[in-house]
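First comes the structure, then the notes that go with it.
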Amino acid sequence: MSLNKYVINCNAGVHSLNFIRKIMPNIKLVEDRTSYPETFKEELNFQSSRIMTFASLITLGWLFYIPIDLQLHPDEPVIIALRVGFPVIGLLLFLSRFLKPFRSRSLLLLTLYGAYLEISTGILTACTGGDPAYIGGYLFVLMVLAVAPLQRSTAYSILGASLACFFSIIFFKEINLSNLRTQYSINDIISTTVVISCFIYILNNTRFVSWQKSRQVEKNQHVIEDQKNQLENQIVMAGELQKTLLPRDIPLLDEAMISYKYNPMMEVGGDFVDIIYNETQKKVGLFVCDVSGHGVAGALVSSMVKMSLNRWNETVDRPSQTLLNIYHSLVGKMETHFVTAGICSIDLTTGVLIYSSAGHPPLILARKSGEIELVNARGRIIADSMPPNYEEASAVIHEGDSVILYTDGITECFGEDNVMLGDDAFYAMIQKNIHHTPEDMSRNIFKELTKFNGSENFRDDVSILIMKYTGNSTQHHKSRDDEQWNIQNTPLPEQSSKSIM
């Protein structure tokens, strides 16, 4: 039998919990919001909802006055009736906070509650004949009207109705107004009424101005947010457009494999990569540049660089001339920006490589054996304030060798410990992937770079362009010692000490 009672009690507890869980979403004693309402009336409704719970519960204190009323004025039952009405109405208002339909009508409920409180207190005080013991309470209730978030006209109407009831009952009850105490109380009521009227006007106006300014600030925030979203969308579109300037159709060659990886710091970037193949001359041109700055400004300059390469095919075998053409195309248009660039020409028949630089890092030759060699050519950056001077350096590549052009966003990448990657670590990444295809090599290097950086969000634009030479079956391979190729700044046999200015 005891077990059955235990089970019944448990089931009752479960049902109670389920009931509480169902009504909890409807219980909301304090309102919150994410935006300011469209109208001032709706703003007052929200402010009313914020104080409704407190205002409804505070009236329970009126119950303690009932025994005193019975002793002071036992012949006035209307006083007791009105006094009991305060907590009853307050309790009803409190219960309304649990019902969602009523929470949206807080201003109306507070207006009705305030009207009852003010008018009934006026009647109650008048029924006592203006007893000084009750005048103080009446003045307090009148002062509450000044701070209540009601519409100004409504507050004045309630104040007038309360005073009208008070003085009407005083008149009909033929209260002796010649009594000095009564006159003093009447003067207090009149003075308080004047002060309350001023405060109603001032506080209502303050609320209105505050709501109006807050509303305007919110509108401005929405405008800023919309503009921000539009700008972000435009930057995304600009990024997509910039990507169309990058090589889409990488030449498929028997003698070489080419791949690149481009990762701007933002949606758009200042790095740029390009590839060209002159089928007549059997020569490949590789180009990488880095524009100072990031974002939209860098992207605009890099777009101009792309346009300046429109005649690259004519000078594919003369990289320094191509850089000079770029300079003449950009000069006077870069303002404070400048460009570093590295460009090379590779003869797929002979394996001869010619490199020219505009203040760019040296070209990397990753030999099949894993040896790293640098091809460096002196050259000034491309800038409005600096006259051009571009030299050429040359080398010969063999089957299995890789040619690598890159931007300094790789070697100057910082890890989570704020330590820069540096050249040696980059060379080690290349050697680790020396036998991979250019596509796999660039992908693996970026994976290692991302791991080192700690995320895919780099502090600079990052680009790498790789070509692996697979050789030419008709090529007569000679040793580099026989050809006497010098990797560091050695001029071509036909261009001894060549410099283009």
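The values are calculated or read from the model by the stated rules, or taken from the named source; none is laboratory data. Since the structure is predicted, the reported quantities are computational estimates derived from the model, not experimental observations. Glycine also receives a Cβ, built like all others from the backbone with ideal geometry; neighbour counts cover every protein chain displayed.
Some values worked out for this structure:
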item: Single condition E412 does not satisfy, out of (1) in contact with a helix residue (DSSP H, G or I) (Cβ under 9 Å, 6 or more places away or on another chain); (2) over 22 Å from H294 (Cα atoms); (3) touching a residue at least 40 places away in the same chain (Cβ under 8 Å); result: (2)
item: Number of positions in the range 347-364 that are assigned to a loop (DSSP other than H, G, I, E, B), in contact (Cβ under 8 Å) with a residue 40 or more places away in the chain and at negative phi; result: 5
item: Some residue of the range 447-463 being in contact with a Phe, Trp or Tyr (Cβ under 8 Å, 6 or more places away or on another chain), more than 25 Å from V291 (Cα to Cα) and β-branched (V, I, T); result: no
item: Single residue of I381, I372, I354, I346 found to be surrounded by fewer than 21 Cβ atoms within 10 Å (Cβ to Cβ), assigned by TED's automatic domain parsing to the domain that holds Y469 and touching a Leu at 6+ places or on another chain (Cβ under 9 Å); result: I372
item: Conditions (1) closer than 30 Å to E279 by Cα; (2) surrounded by fewer than 22 Cβ atoms within 10 Å (Cβ to Cβ); (3) over 40 Å from the mean Cα position of the chain (by Cα): number failed by S308; result: (3)
item: Selection from the range 203-250 of residues that are of a type in the set (A, V, I, L, M, F, W, C), part of a helix (DSSP H, G or I) and in contact with a strand residue (DSSP E or B) (Cβ under 9 Å, 6 or more places away or on another chain); result: L245
item: Given (1) under 49 Å from the mean Cα position of the chain (by Cα); (2) hydroxyl-bearing (S, T, Y); (3) crowded, with 17+ Cβ neighbours inside 10 Å, number of the condition S162 does not satisfy; result: (1)
item: Condition met for N187 (more than 53 Å from the chain's Cα centre (by Cα), at pLDDT below 90 and surrounded by 12 or more Cβ atoms within 10 Å (Cβ to Cβ)); result: no
item: Tally, over the range 279-303, of residues that are modelled with pLDDT of 90 or more and either surrounded by 17 or more Cβ atoms within 10 Å (Cβ to Cβ) or under 31 Å from the mean Cα position of the chain (by Cα) (or both); result: 9
item: Search result, residues across the range 169-182 that are exposed (fewer than 14 other Cβ atoms within 10 Å of the Cβ) and in contact (Cβ under 8 Å) with a residue 40 or more places away in the chain; result: K173, R181
item: Yes/no for E335 being touching a residue at least 60 places away in the same chain (Cβ under 8 Å) and among the charged types (D, E, K, R); result: no
item: Strands (runs of 3 or more DSSP E) within the range 365-464 that include 1 or more residues under 35 Å from the mean Cα position of the chain (by Cα) and under 21 Å from M265 (Cα atoms); result: 402-406
item: Selected residue (criterion: nearest to S463 (Cα to Cα)) from residues of the range 233-248 that are in contact (Cβ under 8 Å) with a residue 24 or more places away in the chain and not small (G, A, S); result: L246
item: Test: Y65 is outside any helix (DSSP H, G or I), at negative phi, crowded, with 16+ Cβ neighbours inside 10 Å and not basic (K, R); result: no
item: Within the range 287-336, considering residues that are part of a helix (DSSP H, G or I) and among the charged types (D, E, K, R), the one farthest from T349 (Cα to Cα); result: K306
item: Checklist (1) within 13 Å of I189 (Cβ to Cβ); (2) free of Cβ contacts under 8 Å to residues at least 40 places away in the same chain applied to F166, failing item; result: (2)
item: Residues of the range 62-85 satisfying the condition of being touching a Phe, Trp or Tyr at 6+ places or on another chain (Cβ under 6 Å) and within 12 Å of T128 (Cβ to Cβ); result: R83
item: Only one of G409, G422, G471, G415 that is modelled with pLDDT of 85 or more and touching an Asp or Glu at 6+ places or on another chain (Cβ under 6 Å); result: G409
